[in-house]
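Accompanying notes for the structure given below.
Please treat every number below as a calculation from the coordinates, not as lab data. Model, not experiment: these values are computed from the prediction. Virtual Cβ from ideal backbone geometry, glycine too; neighbours counted across all protein chains shown.
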Amino acid sequence: MITEVIKAILYAGVPIGVFTFLMVYYAYYKGYLSPDISIRKAFQEKDHADKKLSKKNKKALLFLHSKWLTFGGGFYGLMALLTFIYIEVEQIVNFLIHASGLQDFINLFTLNSLINMIVDSLINMVKAALWFSYWPDIIHISNGFVWLLIVYIGYRAGANLAQRYVLKKLEFMD
């Protein structure tokens with residue numbers, strides 16, 4: 001059990017905490033999250049928050065943040081986004097490893113290949129939305145509850161650290 005906890009912390013808890021910190025910090029930095037509103041409340045009222053964004057801030061919304069909101073925001077959305085990134089990067093790396101020459105890269109620009117990429121991306125989005133069933137096939141997980149708990153703790157810790165960091169920065173500037 002202790003080995004499972006350590007493995008979950010190293011493979012999932014810390015990476016999720018770091019990724020959450022970066023995503024939330026950047027959301028504060030760009031001004032489409034306010035440090036005086038909790039992360040949970042900001043994403044519970046996603047549609048309401050979207051209406052409050054100025055045109056400038058909507059344009060500043062990064063691709064990753066827009067995907068995060070597409071997946072629902074919050075913990076679930078962040079896990080789906082991270083899963084989506086993992087799947088897409090894994091496919092790119094596999095292509096690069098197995099590419100045998102220039103012709104493979106030229107074939108990427110055929111109509112059939114472009115359609116296949118769009119379909120693959122949609123399938124990857126579905127897999128990412130079902131992240132809780134995807135990861136046990138990638139990482140050997142003996143106790144799913146332990147992993148889920150540690151991942152959620154990593155998420156909350158990363159979000160809270162980003163919020164505290166931004167608040168301290170604002171206090172320092174005053």
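Here are some notes:
- Using a simple spin-label model with pseudo-atoms 7 Å out from Cα toward Cβ, I2 and R156 lie 2.5 nm apart.
- Taking all Cα pairs closer than 8 Å and separated by 6 or more residues, the relative contact order of segment 58-127 comes to 26 percent.
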